[in-house]
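So the structure is just underneath, and the comments pick up after that.
The values are calculated or read from the model by the stated rules, or taken from the named source; none is laboratory data. Remember, it's a predicted structure, so these values are computed and weren't measured experimentally. Heads up, the Cβs are rebuilt from the backbone with ideal geometry, glycines too, and the neighbour counts pull from every protein chain shown.
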Ligand code: PHE
């Protein structure tokens, strides 16, 4: 587009030689003001029409003016102030910058005007980036727009990048200060953008929230949590044995064959040791906290009786301990079987423990748990680690359909001398009794349940009945 050079009408430019400008300072000032006003108006028009100003929008006019005054002294402060106002109002208008750049290119590099505009551009147009970014961000609402805007300012082809490129063209002594400035502006821009992103994301989150929620309102139902019914039962039984002077002993769920079988007088050919009955771990698996003998296999304990052995090895008699925990059997889960369940084991060792002590202890325990009205009977049975051995049955009038049946609740017996020998207790000096209770089994009868799997399903409808 060919346009007539702009000449401020109030003070038309005349060609004159640099050496003898007769214009008074105030006239010069007026010319600059008029020129700048014109540039200002033009840039605003561009912006309103959404067209980008181009570098030579004002080039001819400014160039003309500059060629007139470029080599001379001129009202520096007035010009500076005008440029400042203009930049603040227009932000980083490319048209304006282009204009000023074209002024520069038409000026003698060492002229005062060149230096002034050059340093002004460097100092203030970068700050104008911040003003412009603020204005642009204020009206943004969507993340896509935020991204596009960020790219325009901070992206690889963004405005800040242009300044960085300019850094190389500066004389070396000016580079550090300019570099610091770029950095400061970059940090300021980045924080503007990250604040805005937080705001956009916050808005988005608020929109996604279903309804405003008053977190100070009291809940309508009070859903108190509770201990698992098996834990509750364990605590009840703990309480009974505490009263009889028992303490709690612990063992690990991974065990060695020796603790689970050999030490408990269960020989290698015993069916309980069968691959089909017990979970053996792969031979090369490292189990840091459970030591084993050479060639011995690790397994998941099939009963808590392992803890009898561990305790007797680490403590001196007399002993009254209970040991409770998870045990494992190769059972197919159904209403009455589970591949893991919980046992409650007891062991008492002293100098003169008799079968009467065993009977007293278990009768007291069962009556505390099921009530005084129960009947109890002992049936002869067999366990490798007790001799004699018994199963204990109860009959309870409060058990509904089952009240006329004998129900087996635990196994027990007098500790076999072989077990004492395995742990280096003198079987002539010490004797004792042991018992093992299946917690799930007791819980099923106590609470009147029909299926052991309820305990493992985490079904709130089941569990909350125990709250
Ligand atoms: N350990 C036995 C079992 O798992 C129970 C038991 C423990 C029997 C102690 C007697 C003495 O069946």
* Looking at segment 333-365, which of its residues are closer than 17 Å to residue 434 by Cα, in contact with a helix residue (DSSP H, G or I) (Cβ under 6 Å, 6 or more places away or on another chain) and not in a strand (DSSP E or B)? -> 365
* Considering (1) within 16 Å of the ligand (Cβ to nearest atom); (2) under 20 Å from residue 373 (Cβ atoms), say which one residue 411 fails and leave the rest. => (2)
* Hey, any hits in segment 243-254 for a residue that's at pLDDT 95 or above, assigned by TED's automatic domain parsing to the domain that holds residue 283, assigned to a helix (DSSP H, G or I) and under 30 Å from residue 311 (Cα atoms)? -> yes
* Would a scan of segment 279-288 turn up a residue that is out of contact with any helix residue (DSSP H, G or I) (no Cβ under 6 Å at 6 or more places or on another chain) and either outside any loop (DSSP other than H, G, I, E, B) or not assigned by TED's automatic domain parsing to the domain that holds residue 426 (or both)? -> yes
* Output for segment 431-451, where each listed residue is more than 16 Å from the ligand (Cβ to nearest atom) and either outside the structural domain of residue 312 (by TED's automatic domain parsing) or in contact (Cβ under 8 Å) with a residue 40 or more places away in the chain (or both) -> 443, 445, 446, 447, 448, 450, 451
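Based on this model, can you work out whether residue 318 counts as surrounded by fewer than 20 Cβ atoms within 10 Å (Cβ to Cβ), over 21 Å from residue 444 (Cα atoms) and within 11 Å of the ligand (Cβ to nearest atom)?
Working: surrounded by fewer than 20 Cβ atoms within 10 Å (Cβ to Cβ): yes; over 21 Å from residue 444 (Cα atoms): yes; within 11 Å of the ligand (Cβ to nearest atom): no.
In short, no.
Kindly indicate whether any position in segment 421-429 is assigned by TED's automatic domain parsing to the domain that holds residue 373 and buried (at least 21 other Cβ atoms within 10 Å of the Cβ).
First pass over segment 421-429, keeping only residues assigned by TED's automatic domain parsing to the domain that holds residue 373: 421-429.
When the remaining residues are screened for being buried (at least 21 other Cβ atoms within 10 Å of the Cβ), the result is 425.
Checking segment 421-429: at least one residue is assigned by TED's automatic domain parsing to the domain that holds residue 373 and buried (at least 21 other Cβ atoms within 10 Å of the Cβ).
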* To do: Mind listing whichever residues of segment 263-272 are part of a helix (DSSP H, G or I) and touching a helix residue (DSSP H, G or I) at 6+ places or on another chain (Cβ under 7 Å)?
  => 263, 264
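Within segment 279-293, can one find any residue that is closer than 29 Å to residue 244 by Cβ and in contact (Cβ under 8 Å) with a residue 40 or more places away in the chain? If you could, list the steps in order and put the result at the bottom.
Residues of segment 279-293 closer than 29 Å to residue 244 by Cβ: none.
No: zero hits.
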* Asked: Hey, any hits in segment 329-339 for a residue that's within 13 Å of the ligand (Cβ to nearest atom) and surrounded by fewer than 19 Cβ atoms within 10 Å (Cβ to Cβ)?
  -> yes
* State yes or no: is residue 418 surrounded by fewer than 19 Cβ atoms within 10 Å (Cβ to Cβ), within 51 Å of the chain's Cα centre (by Cα), closer than 27 Å to residue 271 by Cα and in the same structural domain as residue 436 (by TED's automatic domain parsing)? => no
